[in-house]
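Undergrad: Sharing a structure, written as structure tokens. Questions coming.
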Amino acid sequence: DVARLGHDVRVPYRPTAPGLQRVHPDGRVTYVLDEGFRAPNDLVVGADGRLWFTDPPHAHDHFLPRPQASSGEPVGRVWSWSPDQGLDLYADGFTYCNGIGFDRDGHLVVVERTGLQRVFPDGSREWLVEDLGWADGFCTDVEGNFYAASPRPGVSVIDAHGVVVDVLELPGDGKVTNCCFGGPDHRWLFATDARSGTVVVWTDPPIPGIVVPPCPTPYGV
């Protein structure tokens, strides 16, 4: 079953300084990091408690069908941060690194251009799947499957070998930009629809998602 949450909301474009922000429970927004970045995009908390995030180049064509069309040198980066250990550059040289997460074995995975790529601590990389046509954010389940925002429109389900095994179609002419598991027993799949400004939820995925650790407490909080 699939349902929509919220309403059709159009928020005006409000550019701000690139960085890492925290939204407080009362609605206040403060910066955790605000210097030295290009265009931080997506983030995930690792089992080590560090916050990992992608920092691709500025891309006005981010929502075009093929983000690899971005011009210029491959300057995208992946960072990690924690309050006690600070900021570290984990990897660089990406054409357009977008979504980020961990696979079932704890390896870091990013959306690079239009595919999913594992990025190892020694700097080596391997494609899980090189071309999904288009991809944005993603999440994983306990059996090692990946759920990636795709252009069909909906969410592509990719197994641990990089094979697309299913597509969760989005009703209407929507555009999924990210997704995550939550709800009862972590079995509901939530996704953001950028065109309608709503959140979509599938309440019957057969496999529960991986539970993501909580975000580390920022400085001064």
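Undergrad: Within the group A194, A149, which residue is out of contact with any helix residue (DSSP H, G or I) (no Cβ under 9 Å at 6 or more places or on another chain), open to solvent by 10 Å² or more (accessible area, probe 1.4 Å) and small (G, A, S)?
TA: Answer to the check: A194.
Undergrad: Taking segment 140-161 as the search range and keeping residues that are among the polar types (S, T, N, Q) and within 13 Å of the chain's Cα centre (by Cα), which one is modelled with the highest pLDDT?
TA: The residue in question is T140.
Undergrad: Also, I was wondering about something else. Residues in segment 66-73: is at least one at pLDDT 90 or above and either at positive phi or open to solvent by less than 70 Å² (accessible area, probe 1.4 Å) (or both)?
TA: Among the residues of segment 66-73, not one is at pLDDT 90 or above and either at positive phi or open to solvent by less than 70 Å² (accessible area, probe 1.4 Å) (or both), which makes the answer no.
Undergrad: Would you check if there is a residue in segment 176-185 being within 26 Å of D48 (Cβ to Cβ), polar (S, T, N, Q), outside any loop (DSSP other than H, G, I, E, B) and in contact with a Cys (Cβ under 9 Å, 6 or more places away or on another chain)?
TA: So far as segment 176-185 goes, yes, one or more of its residues are within 26 Å of D48 (Cβ to Cβ), polar (S, T, N, Q), outside any loop (DSSP other than H, G, I, E, B) and in contact with a Cys (Cβ under 9 Å, 6 or more places away or on another chain).
Undergrad: If I ask for residues that are of a type in the set (D, E, K, R) and either modelled with pLDDT of 95 or more or in contact with a Phe, Trp or Tyr (Cβ under 9 Å, 6 or more places away or on another chain) (or both), which ones from segment 176-191 would you list?
TA: R187
Undergrad: Given the criterion in a loop (DSSP other than H, G, I, E, B) and either open to solvent by less than 20 Å² (accessible area, probe 1.4 Å) or modelled with pLDDT of 90 or more (or both), identify the matching residue among W134, W127.
TA: Only one candidate passes the filter, namely W134.
Undergrad: I would also like to ask the following. Go over the candidates V119, V155, V165, V142 one by one and state the one that is within 18 Å of I100 (Cα to Cα), out of contact with any Lys or Arg (no Cβ under 8 Å at 6 or more places or on another chain) and not polar (S, T, N, Q).
TA: V155
Undergrad: Got a sec? Which of V212, V111 is at negative phi and open to solvent by less than 50 Å² (accessible area, probe 1.4 Å)?
TA: V111
Undergrad: Could you tell me whether segment 188-198 includes any residue that is touching a residue at least 40 places away in the same chain (Cβ under 8 Å), in a loop (DSSP other than H, G, I, E, B) and farther than 30 Å from G93 by Cβ?
TA: Scanning segment 188-198 turns up at least one residue that is touching a residue at least 40 places away in the same chain (Cβ under 8 Å), in a loop (DSSP other than H, G, I, E, B) and farther than 30 Å from G93 by Cβ.
The values are calculated or read from the model by the stated rules, or taken from the named source; none is laboratory data. Bear in mind that the values here come from a model prediction, so they are computed numbers and not experimental data. Backbone-built Cβ (ideal geometry, glycine too); neighbour counts: all protein chains shown. Accessible surface areas use protein heavy atoms only, side chains included; no ligands, DNA or RNA. Shrake-Rupley method; radii C 1.70, N 1.55, O 1.52, S 1.80 Å.
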